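These notes are about the structure you will find just below.
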Amino acid sequence: MFYNNELRFVGEIFKKNRIQNRIININSPIKLNYVDSIGKFLTDIMNDEKTFADMFPNIKKNTIYKFSDTFDFSYIFFLLPDEKDIIFFIGPYLLKDVPGNQILEKSEALGFNKEQTKELEYCYTTIPIIKDEANIYVILNALAERIWGSNKFTLRDIDSDFSGVFEPVLTAMGDSQDKAELNMKIMEERYMYENELMEAVAKGDLSKVEMFYNSFSQLILEKRVQDPLRNIKNYCIITNTLLRKSAENGGVHPLYIDRLSSEYAKKIEQLVSTQEATKFMFEIFKGYCRLVRNHSIKKFSPVIQKAIVIIDSDLTADLTLSNLAKKCNVSAGYLSASFKRETGATVTDFVNLRRIKYAKKLLKTTNLQIQTIAQHCGVLDVQYFSKIFKKYESITPRQFREKIIKI
């Protein structure tokens, strides 16, 4: 097929976003075409003999079809060029997070037993949530133009045209071994999810964290206590603890980790709603990602690592080259040359930039006098403080504050 590379590339993009995709023969039984956990669940409650062609007769060429099933899972498919029985099938995915109470209501309406309900809840945790479906169509539009030509294809929503799509036919859950396997799957999924997020944080990979978290379902959080707010607060505490180790693996010194962790620990207990707590959990992930990006000293030699930690631990201390060299047990010449080679900045510039960064934070978030801010940044002479501030920011501290106020 002339479009093999393009199709493979698009498939990889969807997989990176945790969206299943596969090539299907429309005349094969549905059960043969599903290999993941959600597919097993669907085929267990469906008519085993149905084929894709039975559910969707008269599939047209050059047409991208979209439909949703009984469970609000969304799917997309289209016939491959030069093929009459082979389709590219994408899904399932959700367009929004589905609360647990809605799943229970849907399960009751379908007459599911307790075990089937539990498996359905698990399936919802495994499906990615795509909050902006337009991104999917941008990718498919580019693929369609490549394989069919510009303006030679159509998009068709077939929810209203077809009935009985993935309608469940109740079956027994199975023996105790099946239930044990389901419990293991749920646990494995949760730990896999945690591990992937922790790895992304350790690398400071904010885009990957955002991608995972955008498809986050609160159902992935095990219900440990009855109070929903307390439950998610507990998970915020767990997340804060886990990501401490991720940041450490990412090369961040415990000095920085402890500061951030302590700040989050206080804020967690101040949360007043599950919505606020869910939003804050994402902030914890982003915060640790930023910490790794801004404070990872993994790439530096032990001497430079020590020097940076000394600088950041107390900006009001004596941070001259000679004093830092003494604390690092090296000569001033060695520290100066090594610092410049490894960080790209002189010790003086590095210290000044750290002090200016902290000064900007205080100017933005407090009403402290300029002289007081200068002292907090380790510069006793306010005129000298204004001079170095202007050197790096092109404006004085007072002008910086006035600019912030106007904004």
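Values quoted throughout were computed directly from the atomic coordinates according to the rules given, and no laboratory measurement underlies them. All values reported here derive from a predicted model rather than from experimental measurement. Every residue, glycine as well, gets a Cβ built from its backbone with ideal geometry; the counts of neighbours run over all protein chains shown.
Points worth noting:
- For region 306-358, the C-alpha radius of gyration sits at 1.02 times the compact-globule guess of 2.2 N^0.38 Å, with N the residue count.
- When the P(r) is computed for region 302-406, the part past 24 Å accounts for 28% of the Cα-Cα pairs.
- Extension gain, D82 back to N113 (0.36 nm per residue minus Cα-Cα distance, nm): 6.7 nm
- Arranged from fewest to most other beta-carbon atoms within 10 Å of their beta carbon, R8, R230 become R8, R230.
- Mean Cβ count within 10 Å, highest first, over the residues of peptides 239-250, 323-334: 239-250, 323-334
- About the centre of its Cα atoms, region 302-406 shows a dipole size close to 360 debye [charges on the beta carbon of Lys, Arg (+1) and Asp, Glu (-1) only; nearest 20 debye].
- Extension gain for A265 to K403 (0.36 nm times residue separation, less C-alpha to C-alpha distance): 46.4 nm.
- Across the options I404, I310, N352, the greatest Cα extent toward the positive end of the charge dipole of region 302-406 (unit charges at beta carbon of Lys, Arg, Asp, Glu) belongs to I404.
- D (Stokes-Einstein, µm²/s), Kirkwood Cα radius, region 4-157, 1.002 mPa s at 20 °C: 130
- Taken along the Cα-to-beta-carbon direction at a fixed 7 Å, the label points for S394 and I13 span 3.7 nm.
- Euclidean distance between Cα centres, region 299-366 to region 125-141, Å: 45
- Taken one residue at a time, the phi angles of region 107-123 give Karplus couplings (6.51, -1.76, 1.60, θ = phi - 60°) of 4, 5, 4, 8, x, 6, 7, 4, 5, 5, 4, 5, 5, 5, 4, 4, 4 Hz. Gly and Pro are set to x.
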